[in-house]
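What follows is a single structure, written as structure tokens, with notes after it.
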Amino acid sequence: MLFNSAHFLVFLPIVLILAKILKGTYQRVFLLLASLYFYNAWHPASIVCNDIRTSTWYENWIDLSFCNFNINLYIIILIVSMIVDYVAGRIMSKEGVSEQFRRLCLIASLITNLGILAYFKYTNFLLEVFADLFNQISTGEPLKIEHLKIILPVGISFYTFQSMSYTIDVFRRNLEARKSFLDFALYVSFFPQLVAGPIVRAHTFFRDLDDTPKVTAEDVQIAFAQILMGFTRKIVFADNLAKVVDFTFNNYKILNPAEIWVGAMAFGWQIYFDFAGYTDIAIGTARLFGYKFDPNFNFPMVARNIADHWSRWHISFSTWIRDYIYIPLGGSRVGVLKGYRNLFITWLFAGIWHGAAYHFVCWGLWQGVMLGIHREYSKTKIAAWLNEKGGLSYDIGARVFTMFCLSFGFILFRAKTMQASWEMMKSLVFAVPGGVYSVKTFVNYDYGILLVICFILSYYFSRNPIETIIENKRKFGVFVTANLFIILFFGAGGQNFLYFDF
């Protein structure tokens, strides 16, 4: 179910009212069923359901069990992941269980989750890599492997990581295993964050589940403001920017470097507004039920450097790879060379997590390169001097420079192939045909103005968070009115959330 759909606008108030009426176990059962209904509303073009065939017992079973009752086949995968991780957690928490057996339980959990994720997300990519390697060493007929028709279940990258963080924390004895399967299932499937995050840690969710605070008038105001801002970010900014992004990446061969620069930066802002908008709605919705999730974005597009950017962007994911990959590898405590090894392994993993393609691998490595360069630069005397004496000019210049560096990564992230991304990046740096371009031929110039507006607004809200806006009734009134106005008059809509593909 999409947040930006009429279905959700009917679903949310009904679930909210009934959840407030019900208490205790009844409320938890209801929220679990509502969450499964929310997930079940996603109906991909199923392997069998769109072309019902009953020639075999297997196809007949699928037809009867799922298609005829309009049940999403992929919900079974979610439930399997829940059961395996719940059982693994319970066994690992029992007294008298040996460390070796606890480790086996953790391995079983990781294999199940990563195996499911690998099959649905990486099978075709691994086949492509195998064919490329074979063709590199073979002198015979080139090997061609057709892609399998595998449909990626929505949200699988998010709920598997969330569930794995639970079993890892239980194994490390940082968290007590949940005795109630109902509680654990609700943690994994709670609908606000089910399909695109944020990746909520178990201790945060269970803290509010065990002692759900009363939802105050201030909570409702903050939640409403956050949801409203989320819709503005998505419908107004992200969906409008999608027009220039799609045009740029579909027609990059006929565009000049200035147009490609605008298109690359536009994609960075598009995916930021799209994903931050989604998590605004998710966090605001959860707050209406009494669950206070940590912020997932903190205005990363106005960051001063790449390290600052990643401390503000998709915080639940960046802290996840830090806590469960980078630090276990040894972090930066193992010497310079091994520290950089750990950095690149972590960001290689981050790239592959986002997508099964070569350009996503290169995107992850590019983040590692930028972080490594910044790490060395920050140790220099010139960096210390500029931070102390640079003033406003250096502050703004650093933010703009960071945006330009990020744009290369945006191209790698958005381009359909590695070849397309390479051609676009070359045109940004080397190709300057024709010299100066006239405004008449610059098809993206009006979106350049929109990007400047995005930058200014993000800078303003980074210094004036929602919590401070609602303290002043006049400011809050202006905020709500302005958002409603631009949604009604400038909202584009009709676009899926980008991170549903990851």
Taking the Cβ-Cβ separation of residue 134 and residue 349 as r and a Förster radius of 22 Å, what is the calculated FRET efficiency to the nearest 0.05? 0.30
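For the stretch 1-30, run through the trypsin sites (Lys or Arg not before Pro) and keep only the ones in DSSP coil with at most 13 other Cβ atoms within 10 Å of their Cβ.
Those that pass, being in a loop and sparsely packed, are 23.
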Express in Å², to the nearest 10, the accessible area of residue 145 obtained by rolling a 1.4 Å probe over the protein heavy atoms while all chains stay in place. 60
In the stretch 305-410, trypsin sites (Lys or Arg not before Pro) in a DSSP loop with at most 15 other beta-carbon atoms within 10 Å: 333, 379
Using only the Cα atoms, work out Rg/Rh for the stretch 200-249, with Rh taken as the Kirkwood radius, to two decimals. 1.26
So the compactness index of the stretch 95-165, its C-alpha Rg divided by 2.2 N^0.38 Å, takes the value 1.60
Take every Cα pair under 8 Å in the stretch 271-422 that's 6+ residues apart, average their separations, divide by the length, and report that relative contact order as a whole percent. 21
Rank 76, 17 by accessible area, highest first, at a 1.4 Å probe radius? 17, 76
Once the in-chain neighbours fewer than 8 apart are removed, the lysines whose Cα is under 21 Å from residue 243 read 234, 253, 416, 440
Compute the length gained on full extension between residue 478 and residue 172: take 0.36 nm times their separation in residues and subtract their Cα-Cα distance, giving the result in nm to one decimal. 105.3 nm
7 Å from Cα along Cα→Cβ at both residue 382 and residue 319: what's the point-to-point distance in nm? 3.5
Which log10 I(q)/I(0) values, to two decimals, does the stretch 127-212 give at q = 0.22 Å⁻¹ under the Debye formula with one point per Cα? -1.02
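Compare 394, 122 by solvent-accessible area with a 1.4 Å probe and give them largest first, with all protein chains kept in place.
Greatest to least solvent exposure: 394, 122.
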Calculated FRET value between residue 405 and residue 329, using beta carbons and R₀ = 22 Å, to 0.05: 0.30
Which FRET efficiency, nearest 0.05, do residue 143 and residue 337 yield, Cβ-Cβ r, R0 30 Å? 0.25
When the dipole is taken about the Cα centre of the stretch 199-241, and only Lys, Arg (+1) and Asp, Glu (-1) are charged at their Cβ, what size is it in debye, to the nearest 20? 180
Accessible-area order (highest first, 1.4 angstrom probe) of the listed residues 187, 37, 326: 37, 326, 187
How far apart, in nm, are the 7 Å Cα→Cβ label points at residue 243 and residue 90? 5.5
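The values are calculated or read from the model by the stated rules, or taken from the named source; none is laboratory data. In this text the structure is predicted, and so the values were computed from the model without any measurement. Positions of Cβ are backbone-derived with ideal geometry, glycine not excepted, and every protein chain shown enters the neighbour counts. Protein only, heavy atoms only, side chains kept; ligands, DNA and RNA dropped before computing areas. Shrake-Rupley method; radii C 1.70, N 1.55, O 1.52, S 1.80 Å.
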